[in-house]
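A short write-up of the structure that comes next.
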Amino acid sequence: MANVAVIGAQWGDEGKGKVVDWLASRADVVVRFQGGHNAGHTLVVGDVTYKLSLLPSGVVRGKLGLIGNGVVLDPDALFSEIEKVRAQGLDVGPHNLRVAETTPLILPLHPALDRAREAARGEDKIGTTGRGIGPAYEDKVGRRSIRVCDLAEPETLSFKLDELLLHHNSLLRGLGAPEFEKQPLLDALLALAPRLLPYAAPVWELLESARAEGKRVLFEGAQAVMLDVDHGTYPYVTSSNTVAGNAAAGAGVGPGSVGTVLGIAKAYATRVGAGPFPSELFDATGKLLGERGHEFGTVTGRPRRCGWFDAAMVRQAVKIGGVDGLVLTKLDVLDGLPELKICTGYCVGGEVLKRLPAAMRAQAACEPIYETLPGWAGSTRGARSYAELPAEAVKYVRRIEELVEAPVMMLSTSPDRDDTIALRDPFAG
Ligand code: GDP
Ligand code: IMO
Ligand code: MG
């Protein structure tokens, strides 16, 4: 088994794009299996920065990119991203990018509902990306989605739009938001058909051929375990399963095909949007991490909240996410800090917990329990071998391995693709 899955082990933006790009040099196929254009994956190749939301990060290395059925697809976002990367010199078209026929579409009514709901929640808003991800997944489970394959059947489109509009306009009316008319939506979908259908394919069958030919498949997760709709800090989560278990269902392969699972984690912690964050820092150190780490959302530009590495949470993500090894990124951001804290558990109402409690109020009440390690004076920035790391940095990494109960398989020391330390080859199993 030579496949690898990459998932986020915190609250997103851990550097999955960089890691997928690095691994893609040895993969044949890169597959997105959940999420949508709420994701923002950054790849830095010399002077060029690529920001990808829907395109599998393997497109930068010219690998076959697949968008699986588990993704929710905004066609306008897809085509503008294709244009954007073409302007950066990449070759992307139906010859190297395929979209599962069964992928649900995000239509303009989805972001409209997402935003209307967030506005209605006021101070209690989730802080979504406003891209219609939640409403699109609701329609999928509600069996109302318009899927890529429907574009080939105008009668099906018309029938499904009636059902979809009955549902959405009722909700929008209730929220005092403008309603949608059928004809402009139908016209847009009919115009979309000849553009999108050339990309449509039975992705499961392409993956079966890849398996039969002994090709290497890389599954690219979006978001992260703590944003998983079942296992994250509900309701402050995204609307899909982000764990490696969903790579199989969201792409159309069996669970045995997922291969080695890499959990990506920053050497500290960040979160964008609302929700519990026990190790969040509100002091000068938190500000420093944000400035040094350029912690602004790739998709929305919002500042990310910053804090210490939470080993209790990452351990939980390792267990639930099925993580075989960690990739620790942004170690360089900690350079020069006199001491570093690691959260090892929580105190809730006088009780000590080694895991995040499930209920909303209990999660919000979690007080972090820390252990303190010495920082390092030297620089890790751009290090490409373990031998280049200061002794205290090695100790920090080793302690994290112990606490999260998973080996660190790779380290990242700058945004650049090549500033990476591989301790083990994940494709070797
Ligand atoms: P993703 O959503 O998990 O792909 O992560 P994002 O791309 O949203 O955010 C990660 C940010 O950190 C990007 O700006 C990356 O270029 C940057 N980055 C990744 N790895 C490193 C690293 O090791 N050091 C530093 N300083 N930046 C990194
Ligand atoms: P990548 O793949 C960080 C967060 C949003 C919000 C919550 C729900 O780049 O790591 P949604 O629009 O999905 O309904 O928003 O999830 N969120 C992310 N945070 N990185 C992401 O993706 C995210 N995708 C969604 O900020 O809190
Ligand atoms: Mg991101």
### Message
Condition (residue is in contact with a strand residue (DSSP E or B) (Cβ under 8 Å, 6 or more places away or on another chain), in a loop (DSSP other than H, G, I, E, B), of a type outside the set (S, T, Y) and touching a residue at least 40 places away in the same chain (Cβ under 8 Å)) applied to segment 336-343: is it met by at least one residue?
### Response
no
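Any residue at all in segment 386-406 that is in a strand (DSSP E or B), more than 16 Å from ligand 3 (Cβ to nearest atom) and out of contact with any Phe, Trp or Tyr (no Cβ under 9 Å at 6 or more places or on another chain)?
If we filter segment 386-406 for residues that are in a strand (DSSP E or B), which is where we start, we get none.
No, segment 386-406 has no match at all.
Restricting to segment 390-406, name every residue that is touching a residue at least 40 places away in the same chain (Cβ under 8 Å) and surrounded by 14 or more Cβ atoms within 10 Å (Cβ to Cβ).
Step one: filter segment 390-406 for residues touching a residue at least 40 places away in the same chain (Cβ under 8 Å), giving 393, 396-397, 399-401, 403-406.
Hits for segment 390-406 are A393, Y396, V397, R399, I400, E401, L403, V404, A406.
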### Message
Going residue by residue through segment 23-32, is there one that turns out to be within 12 Å of ligand 2 (Cβ to nearest atom), touching a strand residue (DSSP E or B) at 6+ places or on another chain (Cβ under 6 Å) and farther than 24 Å from R315 by Cβ?
### Response
yes
### Task
Please find, among Q316, Q363, the residue that is in contact with a Leu (Cβ under 9 Å, 6 or more places away or on another chain), under 30 Å from A422 (Cβ atoms) and crowded, with 17+ Cβ neighbours inside 10 Å.
Q316
### Summary
Within segment 34-63, the residues that are over 19 Å from E83 (Cβ atoms), within 16 Å of ligand 3 (Cβ to nearest atom) and part of a loop (DSSP other than H, G, I, E, B) are Q34, N38
### Task
Hey, could you check segment 41-63 for residues that are in contact (Cβ under 8 Å) with a residue 60 or more places away in the chain and among the aliphatic types (A, V, I, L, M) and say which is nearest to ligand 1 (Cβ to nearest atom)?
V44
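I'm checking my understanding of the structure. Among residues of segment 12-33 that are in a loop (DSSP other than H, G, I, E, B) and open to solvent by 10 Å² or more (accessible area, probe 1.4 Å), which one is nearest to ligand 3 (Cβ to nearest atom)? Explain how you work it out, then say what you get.
Here is the first cut: in segment 12-33, the ones in a loop (DSSP other than H, G, I, E, B) are 12-15, 25-28, 33.
Going one step further and asking which of them are open to solvent by 10 Å² or more (accessible area, probe 1.4 Å), we end up with 13, 15, 25-26, 28.
Working: D13: 4, G15: 8, S25: 21, R26: 23, D28: 25 Å.
Checked segment 12-33; the qualifying residue nearest to ligand 3 (Cβ to nearest atom) is D13.
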## Note on the structure
Among residues of segment 407-426 being in contact with a Lys or Arg (Cβ under 8 Å, 6 or more places away or on another chain), assigned to a loop (DSSP other than H, G, I, E, B) and not charged (D, E, K, R), the residue most open to solvent (accessible area, probe 1.4 Å) is P415
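Any idea which of G250, G254 is away from ligand 2 (no atom under 12 Å from the Cβ), surrounded by 21 or more Cβ atoms within 10 Å (Cβ to Cβ) and assigned by TED's automatic domain parsing to the domain that holds V19? Working first, answer last.
Working: G254 fails: surrounded by 21 or more Cβ atoms within 10 Å (Cβ to Cβ).
So the residue among G250, G254 that is away from ligand 2 (no atom under 12 Å from the Cβ), surrounded by 21 or more Cβ atoms within 10 Å (Cβ to Cβ) and assigned by TED's automatic domain parsing to the domain that holds V19 is G250.
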### Task
Take segment 81-99 and flag every residue that is free of Cβ contacts under 8 Å to residues at least 60 places away in the same chain, open to solvent by 30 Å² or more (accessible area, probe 1.4 Å) and in a loop (DSSP other than H, G, I, E, B).
Q88, G89, D91, H95
### Task
Determine, yes or no, whether T102 is crowded, with 23+ Cβ neighbours inside 10 Å and either part of a loop (DSSP other than H, G, I, E, B) or within 16 Å of ligand 2 (Cβ to nearest atom) (or both).
no
### Pick from segment 296-335, criterion assigned to a loop (DSSP other than H, G, I, E, B) and under 19 Å from G382 (Cα atoms), ranking: farthest from ligand 2 (Cβ to nearest atom)
D335
### Query
For L97, are the conditions met, namely being more than 16 Å from ligand 1 (Cβ to nearest atom), within 24 Å of T242 (Cβ to Cβ) and touching a strand residue (DSSP E or B) at 6+ places or on another chain (Cβ under 9 Å)?
yes
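Would you call P108 touching a residue at least 40 places away in the same chain (Cβ under 8 Å), surrounded by fewer than 23 Cβ atoms within 10 Å (Cβ to Cβ), under 23 Å from W204 (Cα atoms) and not small (G, A, S)? Let's see the steps before the verdict.
Numbers: touching a residue at least 40 places away in the same chain (Cβ under 8 Å): yes; surrounded by fewer than 23 Cβ atoms within 10 Å (Cβ to Cβ): yes; under 23 Å from W204 (Cα atoms): no; not small (G, A, S): yes.
For P108, the condition - touching a residue at least 40 places away in the same chain (Cβ under 8 Å), surrounded by fewer than 23 Cβ atoms within 10 Å (Cβ to Cβ), under 23 Å from W204 (Cα atoms) and not small (G, A, S) - is not met.
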### Query
Yes or no: N38 within 11 Å of ligand 1 (Cβ to nearest atom), of a type outside the set (A, V, I, L, M, F, W, C) and open to solvent by 10 Å² or more (accessible area, probe 1.4 Å)?
yes
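The values are calculated or read from the model by the stated rules, or taken from the named source; none is laboratory data. Source: prediction; values computed, not measured. No Cβ is skipped: glycine too gets one built from the backbone with ideal geometry, and neighbour counts run over all protein chains shown. Accessible surface areas use protein heavy atoms only, side chains included; no ligands, DNA or RNA. Shrake-Rupley method; radii C 1.70, N 1.55, O 1.52, S 1.80 Å.
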